[in-house]
Structures are given as C-alpha cells and as structure tokens.
Amino acid sequence: MTISAAMSISVAGMQTQSQRLNTAANNIANASTPGYDVDTAGEMIDVMTAEQGFAANAAVFETGADMWDLLLTIKRD
C-alpha cells in the first residue's frame, strides 16, 4: 500500500465517521418528536464510536503526512 492510498483511505474513513455522527445527532435532536422512536443511549454510543473512529483515521492521515515530509526531506538532501 502506498502512502497516498493510506491517506485517501483515512480521508474516506473520516468522511464516513462524520456522516455517522451527523445521523446520530439528527436522531438525538428528534428524540422528543411525537411518534419518533429513538434509542438515545444507542445513539450516544454511536456518537462516541464515531468520535473514536474519526480520531483513529486522523492519526493515520497525520502519520502519512509526516512520512511524506520525511521522504521529501530525504530527497532534497
């Protein structure tokens, strides 16, 4: 796997986790709507899981960026 592929995958992961967080937030916001059945505890678990997933993907992206910087430094020398 190349560095750019790992970074692209991590960006896709961050986008997926952002969508997951958005869905959970909408469900929580609509919890008091009559006739709207929401498992608030389950949605909060989704929020926490999305947060952890986003952080993990961000760490992968940052590591890839650091590797690119290192490779550019080596190439210049």
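Given a cut-off of under 8 Å on Cα pairs at least six residues apart, what relative contact order in percent is computed for region 3-76?
Details: 53 pairs, mean separation 35.6, N = 74.
Normalised by residue count, the contact order of region 3-76 is 48 percent.
Hey, what's the per residue convex hull volume over the C-alpha atoms of the chain, in cubic angstrom? It would help to have the intermediate numbers written out before the result.
Working: hull volume 5.7 nm³, N = 77.
Dividing the Cα hull volume of the chain by its residue count gives 74 Å³.
Determine the dipole magnitude for the chain: charges of +1 sit on the beta-carbon of Lys and Arg, -1 on that of Asp and Glu, nothing else is charged, the reference point is the Cα centre, and the result goes in debye to the nearest 20.
Values: 3 positive and 9 negative charges, 61 e Å.
In total the dipole reaches around 300 debye.
Quantify, in whole percent, the carbon and sulfur part of the accessible surface of the chain (1.4 Å probe; protein heavy atoms only).
Details: 3360 of 5520 Å².
Ligands and nucleic acids excluded, carbon and sulfur reach 61 percent.
Give me the number: length gained by fully extending Ala25 to Ala12, i.e. 0.36 nm times residue separation minus the C-alpha to C-alpha distance, one decimal in nm.
Details: separation 13, 0.36 × 13 = 4.68 nm, distance 1.99 nm.
Extra length from Ala25 to Ala12 when fully extended: 2.7 nm.
So what are the ³J(HN,Hα) numbers for region 35-44, from phi and the Karplus equation (6.51, -1.76, 1.60; θ = phi - 60°), rounded to whole Hz, Gly and Pro as x?
Per-residue couplings from phi come out as x, 9, 8, 10, 8, 4, 4, x, 5, 5 Hz.
Would any residue of region 3-40 have its amide N under 18 Å from a label point 7 Å out along Cα→Cβ of Ile74? List them or say none.
Counting backbone N atoms under 18 Å from the label point, the list is 3-7.
Tell me which of Ala5, Asn57, Asn30 sits at the most positive position along the dipole axis of the chain, charges placed on C-beta atoms (Lys, Arg +1; Asp, Glu -1).
Going by the Cα projections, it comes out as Ala5.
How many Å² of accessible area per residue for region 3-76, probe 1.4 Å?
Working: 5100 Å² over 74 residues.
About 69 Å² of surface per residue is accessible.
The values are calculated or read from the model by the stated rules, or taken from the named source; none is laboratory data. These numbers were taken from a predicted model, which means no experiment stands behind them. A quick note on method: Cβ atoms are made from the backbone with ideal geometry, for glycine too, and the neighbour counts reach across all protein chains shown. Note: accessible area is taken over every heavy atom of the protein model, side chains too, but ligands, DNA and RNA are not part of it. Shrake-Rupley method; radii C 1.70, N 1.55, O 1.52, S 1.80 Å.
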